[in-house]
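Heads up, the thing below is written out as structure tokens.
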């Protein structure tokens, strides 16, 4: 009688193998990314692009393709930056605009979040206010500046009014979009477990709508920053911000100062995005398993 060797897979052995594999995945996911890789993948590409832009800018200036009063060279803009540093006014100008932008954005979040929640959950309110909110979001922020100046004068009140009118609709619409994307199954499961009313909103609806809400917050910050610059260009206040600095350089026909103002607005806006919005988004995506932990 011949015999054949057969290998039987025991369930406990398979479970141990699977568990060991998951442990390996956990260890790989928890591995810290080397600093050199972060610099190579995140910092180096933008620096290369900036270097290329500066090189092209300098080339246009050296070849004399345009006059210096229309496009000054990078060295002239750098001189304007150095002059602001020497006078000690660079950081106060930047901080004034940053404080206005962040505080106005936080106010917009406090106002826009309950508005979005009510519109998303109450059908008559959505029918009545939803289209108006969509229209307000598409309205350029600079259109509010003349009315705000007439209503509130040329001071900080007008500036904050323009920020709120520009960013509140984005925050509210982002929350509405996030709630609309929540699968109905989540809500039914929450009701089955007793999460109804405010408890369901807190424990089921809000976490599920968080990605869309976060997208609305990012857009709301962009609208806040752009609204602030539009308001500072026209409204005046004792504190000099980036928008007002840009306007003063235009009035003085100081083209290096104008370009410096534009670059500062761009750099500060990007810095706020990278320092606050991007880390929050990455943490949320990692928590939901939608992004690799080594990114």
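No value in this document is a laboratory result; all are computed from the given coordinates. These numbers come from a predicted model, not from an experiment.
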Shape category assigned to region 60-168 from the gyration tensor of Cα positions, a/c cut at 1.5: prolate
Computed from every Cα-Cα pair in region 100-287, P(r) in 5 Å bins starting at 0 and rounded to whole percents is 1, 8, 14, 17, 17, 14, 10, 7, 5, 3, 2, 1, 0, 0
Relative contact order %, region 100-287, counting alpha carbon pairs below 8 Å whose residues are six or more apart: 24
